[in-house]
Structures are given as structure tokens and as C-alpha cells.
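The values are calculated or read from the model by the stated rules, or taken from the named source; none is laboratory data. A quick note: this is a predicted structure, and the numbers were derived from the prediction, not measured. All Cβ positions, even for glycine, are placed from backbone atoms using ideal geometry, and neighbour counts span all protein chains on display. For the accessible areas, the whole protein counts, side chains as well, though only heavy atoms, and no ligand, DNA or RNA atoms are used. Shrake-Rupley method; radii C 1.70, N 1.55, O 1.52, S 1.80 Å.
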Amino acid sequence: MTELLVPFAYDYMLKALWVSALVGGVCAFLSAFLMLRGWSLMGDALGHAVVPGVAMAYMLGLPYAAGAFVTGLLAAGGMAFVRHVTSLREDAVIGVVFTAFFAAGVLMASINPIAVNIQSIVLGNILGIDDNDALQVAIISAVSLLVLLAKWKDLMLVFFDESHARAVGINPMRLKILFFTLLAACTVAALQTVGACLVIAMVVTPGATAYLLTDRFGRLLVISVSMGTVTSFVGAYVSYFLDGATGGVIVVLQTLLFLTAFVFAPRHGILAQRRSIATAREQAV
Amino acid sequence: MLQRVDDRTADAVSVVPAIEVSHVTVSYPNGHQALRDVTFSLDAGGICGLVGINGSGKSTLFKTLMGFIRPTTGQVRLNGMPVARALKTNIVAYVPQAEDVDWNFPVLVEDVVMMGRYGHMGFLRIASRADRDAVDSALERVGMSAFRKRQIGELSGGQKKRVFLARALAQEGRIILLDEPFTGVDVTTENAIMELMRELRDNGHLMLVSTHNLGSVPDFCDQVVLINKTLLAAGPTQTVFTQANLEKAFGGVLRHFQLVGANLHDDDDPRGVTVLTDDERPLVFYGEQSNLRHATGTPHPPEDAA
């Protein structure tokens, strides 16, 4: 029994636990919005696009979050710009822009190998996070969470129906910029916990799972955020015993929950659909 | 509803047109000119049909009225205000085309109607008692109260339209823009929607309705705006919605049947029948003149033209 409490005895574990939970929660909040518009891959794209920013920040001795945030925003802006000017489809635009940024990051890190431990960016290293970074992550997440709590209804309306948003005096453009700024900021925060490659899971899986469980957006947010917070906390905790990458554990947990919902969800799950087809057949006979 | 008469007189006093479009030209960045020098104005308390072929600039005009597109030259005023300010005062409601809505979005019918109230709420958009009452009565009015807990994708085409109409009602906008409200809707719903629009008109609302449904235009529109990149004609339905103008608006696009003489009937009535349709409810003219009659044979109600 006492063995299970061991992680709580270490400062670095405590820090990892609450930082993970915070980041997991706020990423899950964003995930609920992203999947509604088919923008889920934006999370992945931003996760990779921040890498050159991190590399550059290390070289210049700046806080990594600043550099990451700048390139993240540049990538988001670049995608919006290419999309606006050309008639290329979203997936192609996202693909071209984020690989360009990621390649730049890898190149920088390989030319200047001592400056950055690229592995800690790609895979995350929450267990090794120092106090400064932890504080940065905490501030980013807390501010984002507050903004989202105040603005989620307006954002929902913009995602659902921009014309109507305009009709009630909301400026959709301003809110979209706000949203992508938050997304870039939270992607930066999530880098520390799960790394660039698994950021995508943090900003997709909780929302996708919640989507299977409810038809109301308010509830969807609650489910998604709870799932993000709990899996991140538990994931960090379990990773102590497994001695494995925290990001991997968190995402595996989220995937397990998704699969459970996929099978057992009351209306949108496989079993429910089988049942309703069977009922329909019986009625037809 | 009880204040019908008062509302009308109140609106008659106000001199500012509800929608005023003056010399509006819209060019897209790629050089394509979508609208050229369009000018018309509409007063409160009316139903105006916006008629034109696909690509004639109907949706560009809507987008300009909603402030999505800024006119390259010219200006739009709503109740005497520039668009941006008018939108802040919550006077414009918009009923989107069915294909512009994501029907898988996780919202219930009542959530959508509540969105109509956002402009009346504070920063955090917390619904007050008045907001909930407005939603209840809007749902009641379109006959969708029983469906309020349904996810929007579970509704039929006609029910979906009613939900968005209820949202416009809940918003209490004085100007309502309806984008193809009759597409994919059964006749019962179509009639219910028209009836509701007439009530709203009598309460002093202005509705601008884009439609392909030529046959029902004389039924419910007292004004018509015909466009094809530029304004072709605008004014009372009786004088503007003529065969000549429609041929101008649609060119060769309309199906056009003319049945005359012994082919048509074997009696002394010398009038021919002209059928115009772009594949929705057809428009039928008897004889040469624009003696408008509905395809189903009901005469054009005189009060509509008043």
C-alpha cells in the first residue's frame, strides 16, 4: 500500500503530476473544438511547427516557450494565409507548412547538436521538468483555461455558424485568432509533458471520445476536460512505476477510454448501433 | 400579435428604410465582379423575394448585408446604420441554407434556438429567465416544442428549417434574411413558413428571402428584387415579377413551356398558358399579360400586393 504512495513523496513527481493534469485538461478543452471543424490535425501540425522555435530559443538563450509560441503562431498564420490565397485543400496546406517547420527544427538541432536535446522535444520529459518550465507551463495553461471558460459559448457559436455569430454582434475573425493563439500556447505547454509527436492525441482523443458520449456541447466539454485531466494525472503517476515515457502512458490511457466509448457508448457506440439496427429489423418484420 | 395595428403605424412613421443598398459593387480579389452598381431599398413590414440564377450574386448580396464582405464601392445601411453597428444592435437575423449547417454538431434543438439570444446576454452568455421564455415561445410558434431535446441531425428537412426560423424569432431581429428557406421542404412546412412570415410582416418585420421557388413568389412576396450580377428590377411583385423581367433574369436557364390554342383547350378562351420553372414549383402565366396565377390555380390574393 505504502508503495503506491511513493510517487507523492518526490517533489519532481508531484510537479509532474499537477503539471500534466493541468495541461491535459486545457488541451482536452481545445480538442472539443478542434474536432468539430475537421481541424484536429492542426494540433499535430502546431506540435511539430514549434520545434524550430524551441531550437532557436535554446541557441539564443531565451525561454523555450517564447520561441515555440512564435513559430507556432507563424505556422498557424502561414497555414491560414496559404489556404486563403490558393484553393489547395486544408490537409495539403497543413502538411506542407508543418513539415517545412519541423524540417527547419531538425536541421537546426543537427547543426548545433549540443544546444538542444531534440529527443526531449519530440518525446517530452515531464519527469525532468525544472521549476521555471513548470511555472511557464502552469501560467500558460491557467490563463488559457480562464479565457476558454469565459468564451466557450462564443467560440461554439463561431464554430457552428459564423453568419449567426455575426448577426448577434460577435466578430468571428477575432475569436478564431484568439482560439489559434490559445492552441499554439497550449501546444507549447503540452510539448513538455508528452512531446511533439503525441500532442496530437492530447488535442484530439478526449474531444473525440466525449463526442461519442453526448449530444450537448456543454456536457461534451465537461467529459472531455475531465478525461484529459484524469488520464494525464494517472498517466504521470503510472509512468513512475513503469519507468516509461509519460506521454506514451497518457496517450495509451486516453486511447483505452476512446475504445471503451467506441464500443459501449449509449447511442453512438458499436453495440448501440447494432441494437438499433436489430430493433429496426424486428419492427420491419 | 395583438399589437399588430400599432406596430404598423409605428413603422409607417419611421422614415428610414430597413435595408438601403446604394451603388454597391463587389469585386473579389481574383478580379471577379460579383455585383455591379446595385441600388434598392426596402421598408420595414414587408416580404421581399430575392430572385436570380445560381451565380447571379444572391449569396454575395447576403454576405454583404451581413458584413462578411465589404463592398468595393457603394454602401449598405440597415435601419439607417452602417452594417457593423447594426449587427451590434442585434437587428438582423439570418436563416442559413441547410447545406451550410453542420448537422452532426453536438447541439440540441433548444441550444440552437438559445443561440438566437446571445446578443441579448452579457459577457458570459448566461441565459436569464427572459431568454428562456423567448426560446420557449419561439419553439411554440414554429411548432417544434416537442422536439426541443433532439439533436439537430435527427430532424427532417422541414423541421430543421423551423428550428432556424425559431432561432431568428428568439433573436427578435427586425430584419430577417432567409437563404433558400423552401429547398428540401414539404408543402405543409412551406405553407407554415409562409404563414409565419406573413405574421412577422404584419408585426413590422422585414424579410428578404432568396428563393428558386418562382411559383410561390407571388403568393407570399409583396416586393421582388431581381438580380443577375447587377440589379435587373426591384419593386412591388405585381409590376416587377413579369414574364419579361424573369426572362431577363434567367435568360435561357429557365424551362419555358408555352401552350396555346387548340393544343391547350377546345373552347373560346383565347389565352395561352406559359410555364416558367427552374425545376422547383413552376410559375404559370395565363395569356400575354402578367395576370399572375399560381400553378395550383389559386388566384393571387389581393392583400399580398397591398
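Observations
- Extreme residue, nearest to the chain's Cα centre (by Cα), among residues of segment B:231-251 that are open to solvent by less than 30 Å² (accessible area, probe 1.4 Å) and among the hydroxyl-bearing types (Ser, Thr, Tyr): B:237
- Scanning segment A:247-285 for residues that are among the polar types (S, T, N, Q) and surrounded by fewer than 12 Cβ atoms within 10 Å (Cβ to Cβ) yields a count of 3.
- Per the conditions (1) in contact with a Gly (Cβ under 8 Å, 6 or more places away or on another chain); (2) surrounded by fewer than 18 Cβ atoms within 10 Å (Cβ to Cβ); (3) part of a helix (DSSP H, G or I), the sole criterion not satisfied by residue A:142 is (1).
- Verdict on residue B:177 being closer than 30 Å to residue B:248 by Cα and crowded, with 23+ Cβ neighbours inside 10 Å: yes
Condition check ((1) closer than 17 Å to residue B:174 by Cα; (2) open to solvent by 60 Å² or more (accessible area, probe 1.4 Å)) across all residues:
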{"site": "B:63", "(1), (2)": "no, yes"}
{"site": "B:66", "(1), (2)": "yes, no"}
{"site": "B:73", "(1), (2)": "no, yes"}
{"site": "B:80", "(1), (2)": "yes, no"}
{"site": "B:85", "(1), (2)": "yes, yes"}
{"site": "B:90", "(1), (2)": "yes, no"}
{"site": "B:94", "(1), (2)": "yes, no"}
{"site": "B:100", "(1), (2)": "no, yes"}
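- Segment A:218-246 - residue that is surrounded by 24 or more Cβ atoms within 10 Å (Cβ to Cβ) and not aliphatic (A, V, I, L, M) and, of those, nearest to the other protein chains (Cβ to nearest Cβ): A:224
- Candidate set from segment B:88-110 (those that are in contact with a helix residue (DSSP H, G or I) (Cβ under 7 Å, 6 or more places away or on another chain) and in a helix (DSSP H, G or I)); member that is farthest from the other protein chains (Cβ to nearest Cβ): B:98
- Test: residue in segment B:64-73 that is touching a His at 6+ places or on another chain (Cβ under 7 Å), within 23 Å of residue B:232 (Cα to Cα) and more than 14 Å from chain A (Cβ to nearest Cβ): yes
- Filtered residues of segment B:148-161 (kept if over 13 Å from the mean Cα position of the chain (by Cα) and within 25 Å of residue B:61 (Cβ to Cβ)): B:157, B:160
- Scanning segment A:35-71 for residues that are open to solvent by less than 20 Å² (accessible area, probe 1.4 Å) and within 23 Å of residue A:131 (Cβ to Cβ) yields A:50, A:53, A:54, A:55, A:57, A:64, A:65, A:67, A:68.
- Count of segment B:202-216 residues, restricted to those that are surrounded by 20 or more Cβ atoms within 10 Å (Cβ to Cβ), at pLDDT 90 or above and more than 29 Å from residue B:32 (Cα to Cα), is 3.
- Checking each residue of segment A:173-185 against the condition of being within 14 Å of chain B (Cβ to nearest Cβ), open to solvent by 50 Å² or more (accessible area, probe 1.4 Å) and not in a helix (DSSP H, G or I) gives no match.
- Residue within segment B:136-151 that is part of a strand (DSSP E or B) and more than 29 Å from residue B:222 (Cα to Cα) present: yes
Here's the yes/no breakdown for (1) surrounded by 15 or more Cβ atoms within 10 Å (Cβ to Cβ); (2) touching a Leu at 6+ places or on another chain (Cβ under 9 Å); (3) of a type in the set (A, V, I, L, M):
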position: B:135; (1), (2), (3): yes, no, yes
position: B:144; (1), (2), (3): yes, yes, yes
position: B:157; (1), (2), (3): no, no, no
position: B:165; (1), (2), (3): yes, yes, yes
position: B:193; (1), (2), (3): yes, yes, yes
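- Flag for residue A:106 being farther than 29 Å from residue A:10 by Cα, open to solvent by 50 Å² or more (accessible area, probe 1.4 Å) and free of Cβ contacts under 8 Å to residues at least 60 places away in the same chain: yes
- Taken over segment B:47-56, the criterion of being in contact with a Lys or Arg (Cβ under 9 Å, 6 or more places away or on another chain) and open to solvent by less than 10 Å² (accessible area, probe 1.4 Å) is satisfied by B:47, B:50, B:51, B:52, B:56.
- Total residues in segment B:116-174, condition within 14 Å of chain A (Cβ to nearest Cβ) and either touching a Cys at 6+ places or on another chain (Cβ under 8 Å) or among the basic types (Lys, Arg) (or both): 8
- Test: residue in segment A:204-222 that is within 30 Å of residue A:95 (Cβ to Cβ), assigned to a loop (DSSP other than H, G, I, E, B) and modelled with pLDDT of 90 or more: yes
- Yes/no for residue A:134 being in a helix (DSSP H, G or I), over 27 Å from residue A:162 (Cα atoms), at pLDDT below 85 and of a type in the set (Gly, Ala, Ser): no
- Subset of segment B:19-55 (residues that are farther than 26 Å from residue B:247 by Cα and aromatic (Phe, Trp, Tyr)): B:28
- Residue A:167 meets the conditions (1) out of contact with any strand residue (DSSP E or B) (no Cβ under 7 Å at 6 or more places or on another chain); (2) within 14 Å of chain B (Cβ to nearest Cβ); (3) crowded, with 24+ Cβ neighbours inside 10 Å in every case but one. The failed one is (1).
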